[in-house]
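**Student:** What follows is a structure written as structure tokens; I'll ask about it next.
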Amino acid sequence: MSQAPSGANSCTSNDTHINQAQTKYPIDLFRGWPNPALLPVDALAKSAATVLSSPSIYESGLQYGPDEGYGPLREHIASWLGSFYRDELESEKRRRNPITAERLCVTGGASQNLACVLQVFTDSAYTRNIWMVAPTYYLACRIFHDAGFMGRLRGVPEDEEGIDLDVLERGLQEAEDKAASEGNTKPVYTLPRPWSKIYKHVIYLTPTFANPSMKVASLRRREGLVQLARRFDALIISDDVYDFLQWPSDPNATDIKDTACVPRLVDVDGYLDGGPIDEWGNAMSNGSFSKLIGPGMRVGWAEGTEKFAYGLSQAGSSRSGGAPSQLSSTFVDQLLPSGILQRHIKQELIPAYRARYNRIISAINDHLLPLGFKLPAGNQPISGGYFIWLDLPLSLTGDLLAQRALADEMLMIGSGTMFQVQDDCSENHQRFERSIRLCFAYERFEVLYEGVERLGNVARRMLTER
Ligand SMILES: Cc1ncc(COP(=O)(O)O)c(C=O)c1O
């Protein structure tokens, strides 16, 4: 059984709380995984059987793969993305900038690929900072630390339109002034090679249905961000892992969009002011099948300019072992041209996540908003992804609420402090002490409402104890 937290401040009487909790079953609104019932096992069983009984497929699947990934999958991802990210208004621009296999690499998922991008395109001395929209996907921090950027992560706040460009611009300029005064003018550890360039800055964000805030950055903000990235030689790494999971926020709405609600940053870089300023570009899209098929597939894709995609495929580990997840790539590939994945998203995932979202929102309306909780992304017309971010009433903190929820109610939630940019010692550092994250994707649908009700009970007790 999960242990109740033992911190001195966590509760007035641990024994009482543990006893209360022991009478309940656990409810997990923390874990950011798909519910097991949403994994497309039957489709995967058929894919695997087809692959493993077809020598022409399994011989490729079981050997080292090409550096850039399994060819048929790259082709099929290109046409699938092309139809989802097509934008009628922008079709002219899209025609000039079609999504082709040459712009894509198959990856081992967004996390693995983030590490590869840093290996090829950054130098831990010359690349000044990693700018992260805060609150951030917390597990990315360690990937940046592993790449040598410990102490150089910087949080940038977001508002309802997305990243605060003024704060970012000031930070970028200060970092440039500092680099000039220190004579930081060329890479030290990762010299540029014919297949790579070294960027001065990295900007990391999840602009659509962010983890944890669920916010969607506006087109205007995306364009401003690309302009800044071009001016300061920054690479935008955009985790676009939730884009396909979208639905109207209005539970009664019937018009479900089957194209993306806003262009990706890589698309904006593709058209803005005539296209990328050089052959490398300033934005890449980090896509993943983790939330669409299952995280254990370890398959994703990266998109950038052709030159960028080729450079990424030349990461030492891909040169040596071939693109990651070669066998899984052949399984995933069976699902795309047949339309099986597209149908799974449209007919299974979106209705299920939409129902889960509506359920948890109705519980929030009933049990949390009356206590003074706030929903910062509450007015977005389109919702999506896995998470809901809540600001707490003034006298509560996320850490204590999460501890008490576990101890009293056997309820797991994410305290806001987990999503701060780690080691950011700048003046913009935000700790998110008065926020929490709830995940509606993992727990059984039947207990989502009760989970929020339990949270309301514990919050009410904490508010009256004061
Ligand atoms: C924003 C974001 N990026 C990346 C990941 C991990 O993706 P993958 O499983 O493809 O490594 C997650 C998973 O929660 C995420 O929320």
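**Student:** Sequence gap at least 6, Cα distance under 8 Å: using those rules, report the relative contact order of segment 270-330 to the nearest whole percent. Write down the numbers at each step before the final one.
**Tutor:** Working: 56 pairs, mean separation 17.5, N = 61.
In percent, rounded to a whole number, it is 29.
**Student:** Which of the listed residues, 290, 383, 110, is farthest toward the dipole's positive end in the chain, when Lys, Arg count +1 and Asp, Glu count -1 at the beta-carbon?
**Tutor:** 290
**Student:** Just the number, please: Stokes-Einstein D of the chain in µm²/s, Kirkwood Rh from C-alpha pairs, 25 °C, 0.890 mPa s.
**Tutor:** Values: Rh = 23.2 Å.
D, rounded to a whole number, is 106 µm²/s.
**Student:** How far is it, in nm, from the label point at residue 394 to the one at residue 59 when both lie 7 Å from their Cα along the line to the Cβ?
**Tutor:** Roughly 7.3 nm, to one decimal.
**Student:** Separate question: Hey, rough spin-label estimate for residue 374 and residue 189, points 7 angstrom out along Cα→Cβ, what's it come to in nanometres?
**Tutor:** Here the answer is 4.1 nm between the modelled labels.
**Student:** Taking only Cα atoms, what is the 0 to 90° angle, nearest 10, from helix 165-182's long axis to the longest principal axis of the chain?
**Tutor:** 60 degrees
**Student:** OK, next. What full-extension length gain, to one decimal in nm, is calculated for residue 25 and residue 348 as 0.36 nm per residue of separation minus the Cα-Cα distance? Mind showing how you got there, number by number?
**Tutor:** Numbers: separation 323, 0.36 × 323 = 116.28 nm, distance 2.72 nm.
Between residue 25 and residue 348, full extension yields an extra 113.6 nm.
**Student:** Given the options 302, 99, 263, identify the residue whose Cα lies farthest towards the positive end of the charge dipole of the chain (+1 on Cβ of Lys, Arg; -1 on Cβ of Asp, Glu).
**Tutor:** In the chain, that residue is 302.
**Student:** Also, quick follow-up: Report for segment 43-338 the percent antiparallel among DSSP-assigned beta bridges with both residues inside it, nearest 5. Mind showing how you got there, number by number?
**Tutor:** Working: 10 of 28 bridges.
So the antiparallel bridges in segment 43-338 amount to around 35 percent.
**Student:** Kindly put 186, 200 in sequence by how many other C-beta atoms sit within 10 Å of each C-beta, fewest to most.
**Tutor:** Details: 186 11, 200 20.
Going from sparsest to densest Cβ surroundings: 186, 200.
**Student:** Before rounding to the nearest 500, sum -39500 (n - 2.57) across all DSSP H runs of length at least 4 in the chain and divide by the residue total; then give [θ] at 222 nm in deg cm²/dmol.
**Tutor:** On the way: 17 runs with 180 residues, N = 466.
Value at 222 nm, helices only: -11500 deg cm²/dmol.
**Student:** In addition: Between residue 84 and residue 306, 0.36 nm times their residue separation minus their Cα-Cα distance comes to what?
**Tutor:** Details: separation 222, 0.36 × 222 = 79.92 nm, distance 2.01 nm.
In short, 77.9 nm is gained.
**Student:** Moving on to the next point. Can you put 50, 305, 23 in order, fewest other beta carbons within 10 Å first? Intermediate values should be presented prior to the final figure.
**Tutor:** Values: 50 14, 305 23, 23 7.
Ranking 50, 305, 23 by Cβ neighbours within 10 Å, fewest first, gives 23, 50, 305.
**Student:** For segment 427-463 and segment 334-395, compute the distance between their C-alpha centroids and round to whole Å.
**Tutor:** Each part reduced to its Cα centre gives a spacing of 14 Å.
**Student:** Using mean Cβ contacts within 10 Å as the protection proxy, how do 70-78, 101-109 order, highest first?
**Tutor:** Details: 70-78: 21.0, 101-109: 24.8.
Taking the mean over residues of other Cβ atoms within 10 Å, the ranking is 101-109, 70-78.
**Student:** Quick one: how many lysine pairs in segment 176-319 have C-alpha atoms under 23 angstrom apart, if they're 8 or more apart or on different chains?
**Tutor:** So the count of such lysine pairs works out to 11.
**Student:** Averaging sequence separations of C-alpha pairs under 8 Å and six or more residues apart, then dividing by the length of the chain, give the relative contact order as a whole percent. Each step should come with its number before you reach the end.
**Tutor:** On the way: 886 pairs, mean separation 126.9, N = 466.
Once divided by the residue count of the chain, the mean separation gives 27 percent.
**Student:** If the cut-off is 19 Å between C-alpha atoms, which aspartates and glutamates fall inside it for residue 346, apart from same-chain ones fewer than 8 positions away?
**Tutor:** 42, 87, 240, 243, 250, 255, 258, 333
**Student:** Just want the ordering: 308, 232, from fewest to most Cβ atoms lying within 10 Å of their own Cβ.
**Tutor:** Working: 308 28, 232 21.
Going from sparsest to densest Cβ surroundings: 232, 308.
**Student:** Once fully extended, how much extra length lies between residue 464 and residue 100, figured as 0.36 nm per residue of separation less the alpha-carbon to alpha-carbon distance?
**Tutor:** Numbers: separation 364, 0.36 × 364 = 131.04 nm, distance 5.90 nm.
Residue separation times 0.36 nm, minus the Cα-Cα distance, leaves 125.1 nm.
**Student:** With +1 assigned to the C-beta of every Lys and Arg and -1 to the C-beta of every Asp and Glu, and no other charges, what is the dipole magnitude of the chain about the Cα centre in debye, to the nearest 20? Mind showing how you got there, number by number?
**Tutor:** On the way: 47 positive and 56 negative charges, 89 e Å.
The dipole of the chain has a size of about 420 debye.
**Student:** Based on the Cβ-Cβ distance of residue 427 and residue 159, what FRET efficiency does E = 1/(1 + (r/R0)^6) give at R0 = 22 Å, to the nearest 0.05?
**Tutor:** On the way: r = 18 Å, r/R0 = 0.80.
Efficiency, rounded to the nearest 0.05: 0.80.
Throughout, read-outs are computed from the coordinates displayed, never taken from laboratory work. If you're wondering where the values come from, they're calculated on a predicted model, not measured in any experiment. Here the Cβ is made from the backbone with ideal geometry for all residues, glycine too, and neighbour counts use every protein chain on show.
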